[in-house]
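Below: one structure, written as structure tokens.
The values are calculated or read from the model by the stated rules, or taken from the named source; none is laboratory data. What you see is a predicted model; the values in this text were computed from it and never measured. Backbone-built Cβ (ideal geometry, glycine too); neighbour counts: all protein chains shown.
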Amino acid sequence: MLEVAGSLWSVPPETQLSEASRLAAAGMRRLHWDMSDGAFAAAGGFGPDDALAISEATGCAAEAHIMATTPLREVDAWAEFCDLVIVHVESEGWRACIDRVTARGSRPGLAISPQTPIEQVPHQIATLCMSITPGQAGSAFDPSTLARVAALRDRDSARPIGIDGGIRREFAEGAVDAGATWLAVGGDLFGPGGERRWSDLLRRT
């Protein structure tokens, strides 16, 4: 079953809680929290305190996507309340991050940027395939991401595989066919008409 995780990256701060609450009432059960150090990716995203407050207020499960050059210093705060903590395979010390997140009782994951060979991701770990350059919210979805997802699925039939970046509702079926199990969705979900476009998938999660 495909899971939808809502991303508030592009939602104005003053409406983030109300928008998350509105989508939670429509069936959204998971929030995708991006954090960027401004070096690995463009500055933006959330700190853990704000993310925790909105997650608790909406009753949504939380996952963290840490876009940082040295993510080990960041993972503890996110593992406090996120059941999935994702760092980039291109980042420094990602193996230590996996161990640390596991020790904290959360599930670790690895994100992979579009230019990185999928062979760099080990088997069995949850994998988030970026379809845009990390931090570049609003960029167009790269269709070649689906082939990368399918190749990851061929390498490991059991791993959770997500897609993040430029996702629109019309891509969902193709993502499932390629082997994706979850989507991080921002503007197409929280923008005008998003609740209607995604209603069938939100109610299934």
* To do: Please state which of the following conditions Trp33 fails to meet, knowing it meets all the rest: (1) aromatic (Phe, Trp, Tyr); (2) more than 21 Å from Ser139 (Cα to Cα); (3) not in a loop (DSSP other than H, G, I, E, B).
  => (2)
* **Positions within the stretch 27-63 being touching a helix residue (DSSP H, G or I) at 6+ places or on another chain (Cβ under 9 Å) and surrounded by fewer than 16 Cβ atoms within 10 Å (Cβ to Cβ), in sequence order** => Gly47, Asp49, Asp50, Ala53, Ala57, Gly59
* Asked: What are the residue pairs meeting all of these: first residue in the stretch 38-59, first residue at positive phi and free of Cβ contacts under 8 Å to residues at least 60 places away in the same chain, second residue in a helix (DSSP H, G or I) and surrounded by 13 or more Cβ atoms within 10 Å (Cβ to Cβ), Cβ atoms under 8 Å, and 6 or more apart or on different chains?
  -> Gly59/Ala24
* **The listed residue being in contact with a strand residue (DSSP E or B) (Cβ under 6 Å, 6 or more places away or on another chain) and in a strand (DSSP E or B), out of Ile98, Ile66** => Ile66
* Going by the conditions given, is Glu90 without any contact (Cβ under 8 Å) to a residue 60 or more places away in the chain, under 30 Å from Gln120 (Cα atoms) and either surrounded by fewer than 15 Cβ atoms within 10 Å (Cβ to Cβ) or charged (D, E, K, R) (or both)? -> yes
* To do: Go over the candidates Leu110, Leu17 one by one and state the one that is at pLDDT 95 or above, out of contact with any Leu (no Cβ under 6 Å at 6 or more places or on another chain) and surrounded by fewer than 20 Cβ atoms within 10 Å (Cβ to Cβ).
  => Leu17
* To do: Can you run down the residue pairs with Cβ atoms below 8 Å, 6 or more apart or on separate chains, where the first is in the stretch 1-24 and free of Cβ contacts under 8 Å to residues at least 24 places away in the same chain and in a loop (DSSP other than H, G, I, E, B) and the partner is exposed (fewer than 15 other Cβ atoms within 10 Å of the Cβ) and acidic (Asp, Glu)?
  => none
